[in-house]
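Working notes for the structure below.
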Amino acid sequence: LLLTSAAHLALTLPSAMLSVPTIKDLVLLGGGHSHIEVLRSWGMKPLPGVRLTLISRDMHTPYSGMLPGYVSGFYTHDECHVDLCRLTTFAKARLIHAEANGIDIK
């Protein structure tokens, strides 16, 4: 996985998660709807031996179903955006604040 040079690790796994050896890595690119659901589900029932990482250039992602309400003034910015840092913390996943610019499959 190739990242921009400005990439940095925002969060690391808690020490309790380090006691189980990592067998597989699951990497999510971007904080879209499906990845938000994966993180939410993962937080409730993680798979032992699998390390989950989210790579996202944005730290807050809009929930598109609420955007019309935001435009009309019914919702605030915070009410219709998901805080990816908070969500990855809940899921005990790693968050890398960066933009992926390619995938190296070798």
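At-a-glance table
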item: Mean projected area in nm² (Cα convex hull; one quarter of hull surface) for the range 21-97; result: 5.1 nm²
item: Dipole in debye (nearest 20) - the range 57-105, about Cα centre, beta carbon charges: Lys, Arg +1; Asp, Glu -1; result: 180 debye
item: Net length gained if the chain between residue 23 and residue 76 were fully extended (0.36 nm per residue, minus Cα distance); result: 15.0 nm
item: J(HN,Hα) series, the range 65-75, from Karplus relation 6.51 cos²θ - 1.76 cosθ + 1.60, nearest Hz, glycine and proline x; result: x, 9, 4, x, x, 5, 4, 7, x, 6, 10
item: Additional length obtainable on full extension of the chain from residue 83 to residue 104, 0.36 nm per residue less Cα span; result: 4.7 nm
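Taken together, the values in this text are just the output of simple stated rules run on the coordinates, not laboratory data. What you see is a predicted model, and the numbers here were worked out from it, not measured in a lab. Please note: Cβ atoms are built from the backbone with ideal geometry, for glycine as well, and neighbour counts cover all protein chains shown.
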